[in-house]
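After the structure tokens below, expect a handful of questions from me.
Read-outs throughout are calculated quantities, based only on the coordinates presented, and are distinct from any laboratory measurement. As the structure is a prediction and not an experimental result, all values here were calculated from the model. Heads up, the Cβs are rebuilt from the backbone with ideal geometry, glycines too, and the neighbour counts pull from every protein chain shown.
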Amino acid sequence: MFRRTIGAALAATAIIAAGAVIKLLLDETNTYDEEDDEVNFINIDDGEAEVSPEILEIAKLYPYLDKKFIAEQFARNEAFNKEYPEDTLITIAHKAKFPDAWTLEEYTKIVTENGYTAEKLNDTENIISKKMFTTDGAILSDIYNVSNQVACLKGTYEGYKID
């Protein structure tokens, strides 16, 4: 019995000593060197703080689009409305590039089923176009829809032209 008590006491002492050594080591590594005046900040902001609620709502509808792209296009809506007043007939064309011919064919099927005309430029690029009457946000919506579809298929949306 005496041996068990001494063994338990030795084990407890060893645990306390190990704890003290660990605490001492941690205290040494966490000390502040007054000569080290360099301050390092870690930016943990994911960029959503400066994004408006409207952009966040649009981003929910178009999950494959970058918020920066959404914001850039959103800023152009006022100009679209001024240049193309409501009920103006326009033709909007979108250029896209894909990683392979098969993906381009799939994209072409999708957009032609949705009223676009497709013009193949080469095995991986095409231009699609559509005539439409403008309303507030119609051009913007079309840009978002097409570019989101392109991004969904791992393609590159290269831009649009309005005539």
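Working only within segment 79-115, note down all residues that are over 13 Å from Thr156 (Cβ atoms), in a loop (DSSP other than H, G, I, E, B) and in contact (Cβ under 8 Å) with a residue 24 or more places away in the chain.
Across segment 79-115, the qualifying residues are Tyr84, Pro85, Glu86, Asp87, Thr88.
Just for segment 94-113: of the residues that are surrounded by fewer than 18 Cβ atoms within 10 Å (Cβ to Cβ) and in contact with a strand residue (DSSP E or B) (Cβ under 7 Å, 6 or more places away or on another chain), which one is farthest from Tyr160 (Cα to Cα)?
Checking each candidate, the answer is Thr112.
Moving on to the next point. State the number of residues belonging to segment 114-127 that are touching an Asp or Glu at 6+ places or on another chain (Cβ under 9 Å), surrounded by 13 or more Cβ atoms within 10 Å (Cβ to Cβ) and either more than 17 Å from Asp100 (Cα to Cα) or of a type in the set (Asp, Glu) (or both).
Qualifying residue count for the region: 1.
Can you tell me which residue is farthest from the chain's Cα centre (by Cα) among those in segment 145-155 that are surrounded by fewer than 20 Cβ atoms within 10 Å (Cβ to Cβ) and farther than 11 Å from Leu104 by Cα?
Asn145
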